[in-house]
1. Of everything in segment 37-48, what is assigned to a helix (DSSP H, G or I) and in contact (Cβ under 8 Å) with a residue 24 or more places away in the chain? Give them in sequence order.
2. Counting only residues that are over 19 Å from ARG47 (Cβ atoms) and not in a helix (DSSP H, G or I), how many does segment 1-36 have?
3. Based on what the data block shows, is THR94 of a type in the set (S, T, N, Q), in contact with a Gly (Cβ under 9 Å, 6 or more places away or on another chain) and part of a helix (DSSP H, G or I)?
4. Would you check which residues across segment 69-104 are of a type in the set (Gly, Ala, Ser) and surrounded by 10 or more Cβ atoms within 10 Å (Cβ to Cβ) and list them?
5. Quick check on my filter: what residues within segment 14-49 are polar (S, T, N, Q) and in contact with a Lys or Arg (Cβ under 8 Å, 6 or more places away or on another chain)?
6. Do you know which residues across segment 11-40 are among the polar types (S, T, N, Q) and loosely packed, with under 11 Cβ neighbours inside 10 Å?
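The values are calculated or read from the model by the stated rules, or taken from the named source; none is laboratory data. The model shown is predicted, which means the values in this text are computed figures rather than measured ones. Cβ placement follows ideal geometry from the backbone for every residue including glycine, while neighbour counts extend to all protein chains displayed.
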Amino acid sequence: MIGPYSITRYIAAYAMALSVSFPVGFLLNKYIVFQQSDLHSRVQLFRYASVTAMSIYFDYALLHFFVGYLGFWATPSQALIIVILSLFSYFFQTYVTFTTKKRSL
């Protein structure tokens with residue numbers, strides 16, 4: 001328990017997984033996948049963190065939308081959300097986070 005807030009074991013497990021997957025994912029993207037990017041590391045890290053935060057929010061919001069408002073089953077809804085957010089993350093990381101600076105001639 002942290003102050004007046006209690007943390008369930010599911011949230012604790014999510015936080016532990018995120019504390020490992022976030023830095024590992026960033027480093028793999030920066031040094032393995034997008035080696036050609038010449039943006040400053042702090043800019044890339046901020047953008048990567050922004051996309052991670054947006055993905056967490058959209059996952060929560062879309063799941064409530066599909067299950068709560070549209071009445072879809074939770075598991076197929078989560079599978080669809082994973083596909084949607086994976087595409088969103090791929091395009092955002094490719095064209096925004098780890099892009100190369102445009103050079104003028």
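1. Restricting attention to segment 37-48, the residues satisfying the condition of being assigned to a helix (DSSP H, G or I) are 41-48.
Hits for segment 37-48 are GLN44, ARG47, TYR48.
2. 8
3. Values: of a type in the set (S, T, N, Q): yes; in contact with a Gly (Cβ under 9 Å, 6 or more places away or on another chain): no; part of a helix (DSSP H, G or I): yes.
For THR94, the condition - of a type in the set (S, T, N, Q), in contact with a Gly (Cβ under 9 Å, 6 or more places away or on another chain) and part of a helix (DSSP H, G or I) - is not met.
4. First pass over segment 69-104, keeping only residues of a type in the set (Gly, Ala, Ser): 71, 74, 77, 79, 86, 89, 104.
Once the filter is applied, which keeps residues that are of a type in the set (Gly, Ala, Ser) and surrounded by 10 or more Cβ atoms within 10 Å (Cβ to Cβ), segment 69-104 yields ALA74, SER77, ALA79, SER86, SER89.
5. Start the filter on segment 14-49 by keeping residues that are polar (S, T, N, Q), which leaves 19, 21, 29, 35-37, 41, 44.
SER37, SER41, GLN44 - these are the residues of segment 14-49 that are polar (S, T, N, Q) and in contact with a Lys or Arg (Cβ under 8 Å, 6 or more places away or on another chain).
6. Pass one, segment 11-40, residues among the polar types (S, T, N, Q): 19, 21, 29, 35-37.
If the condition is that a residue be among the polar types (S, T, N, Q) and loosely packed, with under 11 Cβ neighbours inside 10 Å, then SER19, GLN35, GLN36 are the ones that fit.
Table: residues versus (1) of a type outside the set (A, V, I, L, M); (2) touching an Asp or Glu at 6+ places or on another chain (Cβ under 9 Å); (3) at pLDDT 95 or above.
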{"site": "ASN29", "(1), (2), (3)": "yes, no, no"}
{"site": "VAL33", "(1), (2), (3)": "no, no, no"}
{"site": "ASP38", "(1), (2), (3)": "yes, no, no"}
{"site": "VAL43", "(1), (2), (3)": "no, no, no"}
{"site": "ALA49", "(1), (2), (3)": "no, no, yes"}
{"site": "LEU63", "(1), (2), (3)": "no, no, no"}
{"site": "ALA74", "(1), (2), (3)": "no, no, no"}
